[in-house]
Structures are given as structure tokens and as C-alpha cells.
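Have a look at the structure below, then the notes.
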Amino acid sequence: METTLNQQKTKSLQEEIRRLVGQKNAIILAHNYQPPEIQDVADLCGDSLELSIKASKTDADVIVFCGVHFMAETASILCPDKKILLPKLDAGCPMADMITAKTLGEIRQKRPELVVISYVNTTADVKAQTDICCTSANVIQVVNSVDPAMEIFMTPDKNLAQYARKNSDRRISFWDGYCPIHNSLTPGQVMKVKKAHPEAVFLAHPECPPEVLALADLIKSTSGMLSFVSQSDKKEFIIGTEIGIIHPMSKANPGKMLIPADPDMICRQMKKISLTDMIGALNEMQPEVKVPEDIRLKAKGAVDRMLAISAGLSMARD
Ligand code: 13P
Ligand code: SF4
């Protein structure tokens with residue numbers, strides 16, 4: 001009875017959101033880790049790369065970004081004329097806060113010869129000090145685009161950087177940052193789940209530690225995992241990333257068994273936004289994320305270079 005009431009409430013909030021979206025000529029972009037009811041009301045769900053590409057191409061006047069702060073900033077960098085709303089302004093990525101523009105500036109001053117590649121999980125200020133951005137979906141392509149004679153410095157994710165180093169012949173040093181959620185997945189935990197499901201394919205996100213990636217059958221971005229599971233004729237999968245991805249995966253693959261590598265891999269920051277927050281944001285046209293123009297122009301170079309390298313990669317879910 002209570003479930004039915006909750007479902008009705010969710011449905012009526014979603015209907016109100018869709019009405020406001022039409023009225024304001026808005027689009028809702030949601031990351032794959034967002035709560036199910038938000039993914040279900042969004043115009044597009046995807047990984048960081050897909051969401052950036054979509055933001056750069058939309059003709060909507062307003063983008064409601066359901067994700068974390070750096071994602072809304074990336075949309076602002078790419079679309080200065082659009083209003084970018086982040087329904088909970090304090091939804092942030094702890095990894096993005098592990099490197100500051102000041103520190104990166106000091107490193108650049110000491111080592112001006114380095115090519116700086118920053119994960120999109122960085123602030124706009126850090127992107128403004130960056131040569132090329134990358135995401136988990138295009139990191140190898142981006143690294144390989146650099147002249148082999150140059151040394152690369154990657155920020156902030158040490159795990160993504162080590163994954164890139166293992167899969168490229170480029171010289172790469174890196175900052176000591178990490179995603180607290182992915183970095184906490186241990187080989188012991190993975191082995192326990194593998195033992196319980198010996199037939200399962202283990203998919204891991206490149207933000208996981210190298211010892212975990214060593215156990216993976218496949219290493220992919222969130223949307224990369226989604227496409228793989230949908231296309232595979234295997235029936236069981238262990239999913240080594242934040243558990244929000246299980247929602248779109250199970251919707252697209254009703255007959256397959258999807259086992260979280262660790263059910264505690266929950267990013268609280270990605271769960272901050274609610275349907276009610278989205279209605280508030282669409283009604284009030286705030287909280288808005290707007291990157292100052294001087295920073296935006298510098299950061300845009302790094303994001304544009306990444307998008308140019310990635311051009312040709314397909315959008316997974318429209
Ligand atoms: P992707 O969805 O781009 O793989 O990124 C994962 C992530 O942690 C985003 O914050
Ligand atoms: Fe940041 Fe990790 Fe959360 Fe993604 S899952 S937003 S990288 S803390």
C-alpha cells in the first residue's frame with residue numbers, strides 16, 4: 001500500500017518535472033550513478049563523456065544537470081549562453097577536490113615541459129591549467145595523442161593514471177588523488193564475489209586500484225560497461241563500480257544477473273539531488289553554475305581538445 005503511494009508520488013513529481021522542462025525549453029542530463037527516479041525522468045543518461053558531448057550539442061536554453069559540481073561546470077564551459085542548473089549546489093566530487101589550481105600551477109612552473117592531462121573530475125580552475133582533459137571512456141586515446149617525446153603528468157586520479165600507463169607506451173607521472181568509492185574496492189572482496197559466482201564476467205571501472213583491475217575481465221567507463229553487458233551473450237556479471245549503474249543495466253537486461261562487486265560502493269554525493277530539488281530548480285532557475293569567463297576560456301581549450309580526440313565515439317543512450 002505504502003509502495004503504491006510512493007510510486008504515485010514519484011510519478012506525479014516526474015510529470016511536473018516534464019511539464020516544467022517543456023515550459024522552460026530545458027533538458028535534463030543525468031549521470032549513470034543518479035537515483036533511479038532521476039534517471040527515469042532524464043532526457044539523457046550517460047557517462048561523463050556522453051554528457052559533455054550532449055551538453056555541447058543541445059539547443060535547449062536550460063540544462064538541468066543531475067550529477068556533481070564538476071559536471072555542471074563542464075556544461076558551463078561548453079555552453080556559456082545556456083543556464084546550467086545543479087539542483088543541489090553542494091553535490092561535489094571528493095576526488096576533484098584533491099588537486100587545486102594553485103598546486104597544479106606550482107607544478108607547471110617547476111616543470112613547464114610536462115603535458116598536463118586532467119580527468120574531467122576536476123574543478124574548472126584546474127582545467128584552466130590543463131592541456132587536455134580526459135574521461136574514463138577516452139583516457140587511452142587522449143594519452144596516445146601526445147607526442148611520445150613528451151612526458152605526461154596526470155591529475156588527479158592515480159588509479160586512472162596507472163591504468164593509462166599500463167595501456168600506453170607514453171611516459172606518465174601522476175598526482176596522488178583517488179575516488180574514495182572506487183579506491184576502497186579490494187582484491188579480497190572481488191575474489192569473494194568471484195568465488196560465489198565463478199561463471200560471472202568481472203567488469204571494473206578504471207578508478208579502481210591496479211590490484212583490482214588486474215582481476216578484471218574488462219575495464220570500462222560506466223556506459224562502456226552498460227553497452228558490454230547489453231551486447232554480451234553471457235548471463236552473469238560482477239559490476240565493479242558505483243551501484244547506481246545497476247538500475248539502467250537491469251532495465252536494459254532483464255534476464256541477466258548483475259552482482260555488485262561491493263554493495264557498499266555508494267557515492268553519497270551522487271545521491272544528493274531529489275525530484276523535489278529538480279522542481280525547485282526549474283521553477284526558480286537556480287542554483288546556477290556559471291564558470292567565470294576568463295577561467296572558462298582557458299578551461300575550454302582542454303575540454304575541446306579532448307572532444308576533438310574523442311570525435312567518432314558513439315553516443316550510447318539517447
Ligand atoms: P564515468 O561515468 O565517466 O565512467 O565516470 C565515473 C565517475 O566516477 C563520475 O564521477
Ligand atoms: Fe567523484 Fe567517485 Fe563520486 Fe564519481 S563516484 S563523483 S569520482 S567520488
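Give me, ordered by chain and number, the residues 5 or more places off L185 or on other chains with an amide H under 5 Å from its own placed amide H.
Residues meeting the criterion, in which the H sits 1.01 Å from N, do not exist here.
Would you mind ranking C66, C79 by Cβ crowding within 10 Å, fewest neighbours first?
C79, C66
Residue by residue through the stretch 126-131, which ³J(HN,Hα) values in whole Hz follow from phi under the Karplus form 6.51 cos²θ - 1.76 cosθ + 1.60 (θ = phi - 60°), with glycine and proline marked x?
For the stretch 126-131, the Karplus-derived couplings read 5, 4, 5, 9, 10, 7 Hz, x marking Gly and Pro.
Would you mind classifying the stretch 38-96 by shape? Square roots of the alpha carbon gyration tensor eigenvalues, ordered a ≥ b ≥ c; an a/c under 1.5 is rounded, otherwise it is prolate if a/b is larger than b/c and oblate if not. Mind dumping the intermediate values first?
Numbers: a/c = 1.41, a/b = 1.21, b/c = 1.17.
Here the stretch 38-96 falls in the rounded category.
Residue by residue, what Karplus-based ³J(HN,Hα) values in Hz, rounded to whole numbers, does the stretch 276-281 have, using 6.51, -1.76 and 1.60 with θ = phi - 60° and x for Gly and Pro?
Per residue, the Karplus-derived 3J(HN,Hα) values read 5, 4, 5, 5, x, 5 Hz.
Listing Y163, Y178 from the residue with the fewest other Cβ atoms within 10 Å to the one with the most, what is the order?
By the 10 Å Cβ count, ascending, the order reads Y178, Y163.
Please quote Rg/Rh for the stretch 120-167 to two decimal places, taking the Kirkwood radius as Rh and restricting both calculations to Cα atoms.
0.93
So what is the relative contact order for the stretch 127-254, in percent, with contacts set as C-alpha pairs under 8 Å and at least six apart?
Relative CO of the stretch 127-254 lands at 21 percent.
Only Cα pairs under 8 Å and at least 6 apart count here; give the relative contact order of the chain as a rounded whole percent.
About 23 percent, as a whole number.
Summing Lys, Arg as +1 and Asp, Glu as -1, what charge do residues with Cβ under 12 Å from the Cβ of I140 carry, I140 excluded?
Overall, the nearby charge balance is +3.
Beyond a 30 Å Cα-Cα separation, which of these cross-linked pairs lie in this structure: K192/K271; K235/K300; K57/K234?
Beyond 30 Å: K235/K300; K57/K234.
Calculate the dipole size of the stretch 63-163 relative to its Cα centre from +1 charges on Lys and Arg beta carbons and -1 charges on Asp and Glu beta carbons; express the result in debye to the nearest 20.
Value, rounded to 20: 180 debye.
For the stretch 179-318, take the alpha-carbon Rg, divide it by the Kirkwood Rh, and send me Rg/Rh.
Details: Rg = 18.2 Å, Rh = 17.5 Å.
Value, to two decimals: 1.04.
Does the stretch 239-318 come out rounded, prolate or oblate, given a ≥ b ≥ c as the square roots of the eigenvalues of its C-alpha gyration tensor, rounded meaning a/c under 1.5 and, failing that, prolate meaning a/b above b/c?
Oblate shape, in that a/c is at least 1.5 and b/c is the bigger or equal ratio.
Under the rule of -39500 (n - 2.57) per DSSP H run of 4 or more residues, summed and divided by the residues of the chain, what mean residue ellipticity at 222 nm is obtained, to the nearest 500 deg cm²/dmol?
That comes out to -12500 deg cm²/dmol.
Spelling out what I want: for every residue of the stretch 20-28, take phi, set θ = phi - 60°, compute 6.51 cos²θ - 1.76 cosθ + 1.60 (Karplus), and round to whole Hz; glycine and proline get x.
5, 4, x, 4, 9, 6, 10, 9, 10
Kirkwood hydrodynamic radius, computed over distinct alpha-carbon pairs, for the chain: how many Å, to one decimal?
For the chain, the Kirkwood estimate is 20.1 Å.
Which of K234, K272 has the fewest other C-beta atoms within 10 Å, and how do the rest follow up to the most?
K234, K272
Read the figures in this text as sums done on the coordinates, not as results from a lab. All values reported here derive from a predicted model rather than from experimental measurement. Cβ sites come from the backbone with ideal geometry, for glycine too, and all protein chains shown count toward neighbours.
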